[in-house]
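Peer 1: I'd like to ask you about the structure that follows.
What follows draws every value from the coordinates through simple rules; no lab data is involved. Values in this document were obtained by computation on a predicted structure and should not be read as measured data. Here the Cβ positions follow ideal geometry from the backbone for every residue, glycine too, while neighbour counts run over all protein chains shown.
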Ligand code: DAH
């Protein structure tokens, strides 16, 4: 059907596009406009000749003409704008309309998790601790095995894990504790570090659980590190973070990678230890897990010196932020609602 038309619309379009691309001033652009769109221009001629085309071909021919016309009109407008702008720049005139109101951009605040993380870093840096992060994708070795949690160990039930492969070799770290091993392998003792970052568990997304959350890990290793050091450092940390009036409580606990292990609570900051909904009427809020590094952890990290001792601890940053800022729903940290985020400074 195409061949039967008495004109080649594609060739005309191609030529018009070719010409307009080479145009450099408004005068030539006007000549181009007259050539194609003028009263006696190409399109006018084509349209008036339509009546001479075979009746059945007319709709197709009309449509073709219109399509190309539309396309060339857009090109013409764009070219005109660009020539005008270029001319204004050349004449030293601004291409910007300075009277238009500006676009206002919302000024961001730091996220509450960032604020708490920075505060934790500040406290530990003041005590000489280095700051590490470690990878979020871990191997089964660093996340479990090296932390004295072999495959058949019941403590593996404590962490519902996102595995990344069928062999259960790669996973999203369920805690920041694997950074302990990485640091022990890389740094020389004595050492003291914290590690902060994202951690992942197959948890529900509800008011008190999120599959992504944040932890801070701590590790201090040397030749004379004992449980008193652990108590002193963590008591200092918690009083700096929550205020010097909080009481700190140490209770025996269990973790595969520490022996002995402790769970550490502060007196409830909402009710001052009297008992309320937040502390489940106990007057205490559990904040940290900690303990003396298990000798097996040193061995797994390749340290054979029997005289090494150390303490480690771990805490949930989201939980600390919730207590500090009185937030009752962990999901708020992840929803990016500006009304929520604007409140933190
Ligand atoms: N990794 C533990 C958890 O996620 C927290 C923890 C407990 C870390 C005791 C430690 C520790 O370093 O000593 O529940």
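Peer 1: Mind running the shape call on the stretch 222-286? Use the C-alpha gyration tensor, a ≥ b ≥ c as the square roots of the eigenvalues: rounded below 1.5 for a/c, prolate if a/b tops b/c, oblate otherwise.
Peer 2: oblate
Peer 1: To continue, here is another question. Using alpha-carbon pairs under 8 Å, 6+ residues apart, how would you state the relative contact order of the chain in percent?
Peer 2: Contact order relative to length: 15 percent.
Peer 1: Using 0.36 nm times the number of residues separating residue 227 and residue 189, minus their current alpha carbon distance, what extension gain do you get? Don't skip to the answer; put the middle values down first.
Peer 2: Values: separation 38, 0.36 × 38 = 13.68 nm, distance 1.79 nm.
11.9 nm is the gain from fully extending residue 227 to residue 189.
Peer 1: While we're on this one: Could you work out, for the stretch 7-90, what percent of all Cα-Cα pairs fall into each 10 Å distance bin, beginning at 0 Å and stopping at the bin that holds the largest distance?
Peer 2: 16, 47, 25, 10, 2, 0
Peer 1: Output the Kirkwood hydrodynamic radius of the stretch 165-301, Cα pairs only, in Å rounded to one decimal.
Peer 2: 16.8 Å
Peer 1: Relative contact order of the stretch 156-285, please, whole-number percent, based on alpha carbon pairs below 8 angstrom and at least 6 residues apart. Intermediate values should be presented prior to the final figure.
Peer 2: Working: 176 pairs, mean separation 18.4, N = 130.
Answer for the stretch 156-285 is 14 percent.
Peer 1: How would you classify the stretch 135-193 from its alpha-carbon gyration tensor, with a ≥ b ≥ c the square roots of the eigenvalues: rounded for a/c under 1.5, else prolate if a/b is greater than b/c, otherwise oblate?
Peer 2: Details: a/c = 2.32, a/b = 1.73, b/c = 1.34.
Since a/c reaches 1.5 and a/b is larger than b/c, the shape of the stretch 135-193 is classed as prolate.
Peer 1: Report the calculated FRET efficiency for residue 99 and residue 338 (r = Cβ-Cβ distance, R0 = 30 Å), to the nearest 0.05.
Peer 2: The computed FRET efficiency comes out at 0.55.
Peer 1: At a Förster radius of 30 Å, what calculated FRET efficiency corresponds to the Cβ-Cβ distance of residue 204 and residue 127, to the nearest 0.05?
Peer 2: 0.25
Peer 1: Now for a different question. Over the stretch 208-345, what is the relative contact order in whole percent, taking alpha-carbon pairs under 8 Å and six or more residues apart?
Peer 2: Result for the stretch 208-345 is 30 percent.
Peer 1: Arrange 77, 138 by Cβ neighbour counts within 10 Å, fewest through most, would you? Intermediate results must be reported in sequence, preceding the final value.
Peer 2: Values: 77 10, 138 26.
Fewest-to-most ranking of 77, 138: 77, 138.
Peer 1: Which order do 107, 268, 276 fall in if you start with the one that has the fewest other Cβ atoms within 10 Å?
Peer 2: Ascending number of Cβ neighbours within 10 Å: 107, 276, 268.
Peer 1: Right, another one. Can you give me the C-alpha center-to-center distance between the stretch 59-78 and the stretch 127-176, rounded to a whole angstrom?
Peer 2: So the separation of the two Cα centres works out to 63 Å.
Peer 1: While we're here: Between the stretch 286-300 and the stretch 1-58, what is the separation of their alpha carbon centroids in Å?
Peer 2: 82 Å
Peer 1: Using Cβ contacts closer than 10 Å as the measure, can you line up 27, 119 from fewest to most?
Peer 2: On the way: 27 10, 119 16.
Final ranking by Cβ density, sparse to dense: 27, 119.
Peer 1: Take each of the peptides 329-340, 208-219, 170-181, average the number of other beta-carbon atoms within 10 Å over its residues, and list them starting from the highest.
Peer 2: Ranking, from highest mean packing down: 170-181, 208-219, 329-340.
Peer 1: Now for a different question. Quick check: convex hull of the Cα atoms in the chain, volume per residue, rounded to a whole Å³?
Peer 2: Value for the chain: 294 Å³ per residue.
Peer 1: Pull out the extension gain between residue 27 and residue 160, defined as 0.36 nm times the separation in residues minus the alpha carbon to alpha carbon distance; nm, one decimal.
Peer 2: Using 0.36 nm per residue and subtracting the Cα-Cα distance, I get 40.6 nm.
Peer 1: Can you compute the FRET efficiency between residue 119 and residue 277 using 1/(1 + (r/R0)^6), with r the Cβ-Cβ distance and R0 = 22 Å? Round to the nearest 0.05.
Peer 2: 0.30
Peer 1: For the stretch 42-172, what class follows from the C-alpha gyration tensor (a ≥ b ≥ c being the square roots of its eigenvalues): rounded when a/c is under 1.5, otherwise prolate if a/b is larger than b/c, else oblate?
Peer 2: On the way: a/c = 5.71, a/b = 2.08, b/c = 2.74.
Cα axes put the stretch 42-172 in the oblate bin.
Peer 1: Give the separation of the Cα centroids, the stretch 188-215 to the stretch 255-281, in Å.
Peer 2: For the stretch 188-215 versus the stretch 255-281, the Cα centre distance is 18 Å.
Peer 1: What distance in nm lies between label points placed 7 Å from Cα along the C-beta direction at residue 66 and residue 45?
Peer 2: The modelled label-to-label distance comes out at 2.4 nm.
Peer 1: Sorted by average packing, counted as other Cβ atoms within 10 angstrom per residue and highest first, what order do 292-304, 189-201 take?
Peer 2: Result, highest mean Cβ count within 10 Å first: 189-201, 292-304.
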